[in-house]
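Okay, structure first, notes after.
Nothing in this text is a laboratory measurement; each read-out follows from the coordinates by a stated rule. Everything quoted here is computed from the prediction, not taken from an experiment. FYI the Cβ positions are ideal-geometry reconstructions off the backbone, even for glycines, and counts take in every protein chain you see.
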There are 2 protein chains.
Amino acid sequence: MITGKNYIGNKLSATGSVSHKTFNPKLNVENEYAFYEATLQEVDEAANLAHQAFKEFKNTSGTKRAEFLNAIADEILALDDELINTYTSETGLPEGRAMGERGRTIFQLRSFAELVSNEEWRENTIDSADLERTPAPKPDIRKTQIPLGPVVVFAASNFPLAFSTAGGDTASALASGCPVIVKSHSMHSGTGELVASAIIKAAEKTGMPNGVFSNIAGSGRVVGAALVKHPKVKAVGFTGSISGGRALFNLAADREQPIPVFAEMGSINPVVITPEAIAKRGEEIATTYAGSITQGTGQFCTNPGLILTIDNDNTRSFIKDLAEKSTAIAPQCMLHPNIKRDFVKNGASVSSQSGVEVVAAIVEEAEPNFTPAQISAVSGADFLINSKMHQEVFGPFSLVVRCKDETELVEIIQNLEGQLTGTIMAEKSDYQNLGNIVDALQDRVGRVILNGVPTGVEVCPSMTHGGPYPASSDSRFSAVGTNAIKRWVRPFSYQNWPNELLPSALKNDNPDEILRFVNGNHSNDKI
Amino acid sequence: MITGKNYIGNKLSATGSVSHKTFNPKLNVENEYAFYEATLQEVDEAANLAHQAFKEFKNTSGTKRAEFLNAIADEILALDDELINTYTSETGLPEGRAMGERGRTIFQLRSFAELVSNEEWRENTIDSADLERTPAPKPDIRKTQIPLGPVVVFAASNFPLAFSTAGGDTASALASGCPVIVKSHSMHSGTGELVASAIIKAAEKTGMPNGVFSNIAGSGRVVGAALVKHPKVKAVGFTGSISGGRALFNLAADREQPIPVFAEMGSINPVVITPEAIAKRGEEIATTYAGSITQGTGQFCTNPGLILTIDNDNTRSFIKDLAEKSTAIAPQCMLHPNIKRDFVKNGASVSSQSGVEVVAAIVEEAEPNFTPAQISAVSGADFLINSKMHQEVFGPFSLVVRCKDETELVEIIQNLEGQLTGTIMAEKSDYQNLGNIVDALQDRVGRVILNGVPTGVEVCPSMTHGGPYPASSDSRFSAVGTNAIKRWVRPFSYQNWPNELLPSALKNDNPDEILRFVNGNHSNDKI
């Protein structure tokens, strides 16, 4: 049931007077419930409670935290239609997407549960003593990973489930032993509250300390800023715009004690299509990319916003074909009137730059928050001298660049900001000549894809979702996949520690039979 | 041979007009050579050259980089007496320490050479495709780690070899494939130049690209700031004061594209001594700690600057004994007159706080830059209310706190800033009652030690040298040990990539027979 209140731990709280409502973009009307924004006192209460909860939560066994994560998944499923209906009413996204995203959220929670059900993820490392060493004996040292403390997670506008209340950041932080305070997204506060209620139920059922999770509402930047500046908060996860992520990064860096911020921000995800690929299967690629550009109304961080080609007659036909196929897809609903407004504004801004031709424009559509795709094109020379064309147009937009040759194309990649992904569409005969393009992409992105689309981010250990700034604020970590847990932990060493006081993962007899790094070798053995 | 010039890659350069000389604190005279500080043009040249070198260096094989690191070690050894004599003349440290630190430096270089001589360190991860998966096929994704780009390393005042020009930061960055620009320390510029010449020789002998290493002099903050702000620089390593490290952290966070800074800064390294340990072997502990406090004239980041005890008659005797034993050790030379000046000033500042009793004072010593130890004592109640006593007094100083009980002792730990280490001196009969103390320490430090001293940092995979701020600016990494390489790399994924274009570490047939994480399991097998 939606109450419109904040969860401060397991307590529903609404002491403030400011409230907001969510919006149904499909029906173009406000939704029913009002959500009370947290006061600074409520923020403080949530942070202090998380700090208290951390003392117990950090020492829970991995098995217990796995139970907790699996219980969250179960409780989310139990929300059933209420969740799906609230999701669709707050996002304009179709039911199929709601179900798919719920599935992904459940999968993430269960993946992290599996990860921490034994202690291998802590990179346990042992170097035995050598008392005979000269000039000084070598002590016994053993290392594991421990959680940082309370983590603030900012819910994302475009993934109301998978990157919001119980999404990847929350799942990875809870898995590591960090309590989580979610700053709910004001566009889908109802979805957020429902999921929060599921987390609270799961926490109670599995005996987690009160304060292990809180859900805080706020529509402006005041509540978020107060959370990031709170001395009891030890790390931040964010998915959203560059301006939003950078503002949080700056606040965290300005603290008396700076804390890490992992912000996954803007990306236009360059796609290189070789002349051979266009010649051999231009139509197929146009169909595939029309689908990728418009998937989820283009509201994905991995949306292909920049397509790099070599100019020739085939390429010009391809661009026309891509534009026709993209606009042939029926207009789709965007997340919110503000998102639609920014899409139109930013698309117009890029398309009004010198040399840019709108190949397929936004037409007057019947319904107010819906949009078709927009494909624009420009020459490599014009693109190279105007960085305003690098701007992300969040939505179903792509700018196709016609480069005069590979040298120009590579130079364009080298001058891009950091990106989440880089894609190459190429024929087998191209493979041996991709060196310069791959090298340039590698320098600018976190993941390269061959003959595929950047949309669709697998949740698996090998995934990198992150990249050089501003794709993310710290390229040394990934926001997706089980390695995302590494954002919330730090190494901790025990020197000359008696076996009986060591955590089980570091004990001599290796009771959990996990793989450890012992005296320079990986081993499952006792020592 | 010392020239007093900067190395911009393999070119000696001194286009500026500002110079400084180093100082022999033992003889209390300036040394002979003048060192020309880099101009902003020289800084720019070094950064651009590093950027150029990175394009080639990042793709060198691990075997080649191992050769380079081993050649650096060889060339440092070949400097022989000239290096040892320059070191002692610039630091006031004895020859034995110079030899020991050289040995540690060589060991670090060779350890990183061994680490990267195969590709296992890159945490190679493979998730195979599943084309039958519904609703969408699963692509093949493979992940490795790649270097960030040019790294600036700030040489440390207190480790002229092991944490300076070819020290741990440089060795780990070069091992990862990042070019390094060292900002030489103005207190030991001669030692720095000699080691730089060894690195340059090694780079030439092993065919490394010009610009893989530069050595830049500067005595104020201008040169360092210009390096950190340079757009071609991608990460920073620093060991030194909180004010210095924080200034660099702020500069890096303020950049248009922020970069990671790993700064290892202040720590007072709390040591808890139980009443039982004092009763059973107080005299032995006093002897051990008198040695630890005065080792290297106390100029270690892991110097035990804070000793926490429970007040009783034994403890009072112990404090007196510790002070007597510490001051019985002959006065030793400090690194520089400025270091001595700050030691006296900061020791006086802490000792002048309300309730602090100087148990063993600084006496008038015969030689100007020498100092004996200083041991002060204070009650737990006085310490708890005055955070000025938390200040690091860099040198042979320790403040002993007499707590009224364990509760007060734990509260003191909980109120400390982040620390590198926490030590417990305890009897076996204490072990089962250490829970609260260990828990409090774990929250505040990166490494705990039982019945040992915090000084002496092992170079091994299980070491954590870092901790919550301000022990380090990012507690998620260690500055010492082979895992220090993780500071300079980021994950990078290949999706649907043809086997022939993958790096060897990710190829199907696993040509290097390394351990990889394949479909959720660690394996040395082909796939």
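Restricting to bridges with both residues inside the protein assembly as shown, how much of the DSSP beta-bridge set is antiparallel, in percent to the nearest 5?
Of those bridges, close to 40 percent are antiparallel.
Where does chain B land at 222 nm, in deg cm²/dmol rounded to the nearest 500, when only DSSP H runs of n ≥ 4 count, each adding -39500 (n - 2.57), divided by all residues?
-12000 deg cm²/dmol
Enumerate the whole-percent occupancy of each 10 Å bin, from 0 to the last occupied one, for all C-alpha pair distances of segment B:112-210.
The distribution over segment B:112-210 is 14, 34, 23, 12, 9, 6, 1, given as percents.
Where Lys and Arg each count +1 and Asp and Glu each count -1, what net charge lies around B:Val453 among other residues with Cβ under 13 Å from its Cβ?
In short, -1.
As a check on your reading of the symmetry: which chain A residue has its Cβ nearest the axis that brings A onto B, and how far is it in Å?
For chain A, the closest residue to the axis carrying it onto B is A:Ala253, 2.
Rounding to the nearest 20 debye, state how big the charge dipole of segment B:270-450 is about its Cα centre with +1 on each Lys and Arg Cβ and -1 on each Asp and Glu Cβ.
Using Cβ point charges on Lys, Arg, Asp and Glu, segment B:270-450 gives about 360 debye.
When you look at the Cβ of every residue in B:121-128, what mean number of other chain Cβ atoms sits within 10 Å?
3
If packing is taken as the average number of other Cβ atoms within 10 Å across a peptide's residues, how do B:181-189, B:341-349, B:37-45, B:196-204 rank, most packed first?
B:181-189, B:196-204, B:37-45, B:341-349
Just counting partner chain Cβ atoms within 10 Å, what average do the residues of peptide A:131-141 show around their Cβ?
3
Given contacts defined as C-alpha pairs under 8 Å and at least six residues apart, what's the relative contact order of segment A:270-450, whole-number percent?
28
For segment A:198-260 and segment B:411-473, what is the separation of their Cα centres, given in Å?
28
List, shortest first and in nm to one decimal, how far the label point of B:Pro337 (7 Å from Cα along Cα→Cβ) is from its counterparts in the other copies.
For B:Pro337, the inter-copy label distances come out at 7.3 nm.
What is the helix-to-structure angle for B:62-91, meaning the angle in degrees between its Cα long axis and the longest Cα principal axis of chain B, kept from 0 to 90 and rounded to the nearest 10?
The angle comes out at about 30 degrees.
Just add up the charged neighbours of A:Gly237: K/R +1, D/E -1, any other residue whose Cβ is under 12 Å from the Cβ of A:Gly237.
Here the count lands on 0.
Pulled fully out, how much extra length does the chain show between A:Leu27 and A:Phe107, if you take 0.36 nm times their separation in residues and subtract their Cα-Cα distance?
25.7 nm
Quick check: the angle from helix B:337-351's long axis to the longest principal axis of chain B, C-alpha only, nearest 10 degrees?
For helix B:337-351, the angle is close to 50 degrees.
At 7 angstrom along the Cα-to-beta-carbon line, where would the label on B:Gly456 sit relative to the other copies? Give the distances in nm, shortest first.
Ordered by increasing distance: 5.8 nm.
Considering only DSSP beta bridges whose two residues both sit in segment B:270-450, what percent are antiparallel, to the nearest 5?
Percentage antiparallel, nearest 5: 20.
Would you mind ranking B:Glu367, B:Glu75 so that the residue whose beta carbon has the fewest other beta carbons within 10 Å leads the list?
Ranking B:Glu367, B:Glu75 by Cβ neighbours within 10 Å, fewest first, gives B:Glu367, B:Glu75.
Quick one: grab the alpha carbon gyration tensor of segment B:270-450, order the square roots of its eigenvalues as a ≥ b ≥ c, and give me rounded if a/c is under 1.5, else prolate or oblate depending on whether a/b is larger than b/c.
The shape class here is prolate.
What percent does the relative contact order of chain B come to when contacts are Cα pairs within less than 8 Å and at least six residues apart?
17
Note down the magnitude of the dipole of chain B about its Cα centre, charges +1 on Lys and Arg C-beta and -1 on Asp and Glu C-beta and zero elsewhere, to the nearest 20 debye.
With Lys and Arg at +1 and Asp and Glu at -1, about 1120 debye.
What whole-number value in cubic angstrom gives the convex hull volume per residue for the C-alpha atoms of segment B:217-351?
In segment B:217-351, the Cα hull volume divided by residue count equals 138 Å³.
Apply the a/c threshold of 1.5 to the C-alpha gyration tensor of chain B and tell me whether it is rounded, prolate or oblate.
oblate
Provide an ascending nm list, one decimal, of label-point separations from A:Gly291 to the equivalent residue in each further copy; define each label point as 7 Å from Cα along Cα→Cβ.
7.2
Under a Cβ-only charge scheme (Lys and Arg +1, Asp and Glu -1), can you give me the dipole magnitude of the protein assembly as shown about the Cα centre, in debye to the nearest 20?
780
Just report the Cα centroid separation between segment A:46-121 and segment A:283-342, whole Å.
33
Within 10 Å of each Cβ in B:408-415, how many Cβ atoms from other chains are there, averaged over the peptide?
Mean inter-chain Cβ contacts per residue within 10 Å come to 0.
Summing Lys, Arg as +1 and Asp, Glu as -1, what charge do residues with Cβ under 13 Å from the Cβ of A:Asn250 carry, A:Asn250 excluded?
Residues near A:Asn250 contribute +2 overall.
Obtain the radius of gyration and the Kirkwood radius of the protein assembly as shown from its C-alpha atoms and give Rg over Rh.
Looking at the protein assembly as shown, the ratio lands at 0.98.
Rounding to the nearest 10 and keeping the result within 0 to 90°, find how far the Cα-based axis of helix B:275-294 lies from the longest principal axis of chain B.
In chain B, helix B:275-294 runs at an angle near 60 degrees to the longest axis.
Sort B:173-180, A:432-439 by packing, meaning the average of other beta carbons within 10 Å per residue, with the highest value first.
Per-residue mean Cβ counts within 10 Å order the peptides as B:173-180, A:432-439.
Calculate the FRET efficiency for A:Ala328 and A:Lys11 from the Cβ-Cβ distance with a Förster distance of 35 Å, rounded to the nearest 0.05.
My answer for the efficiency is 0.10.
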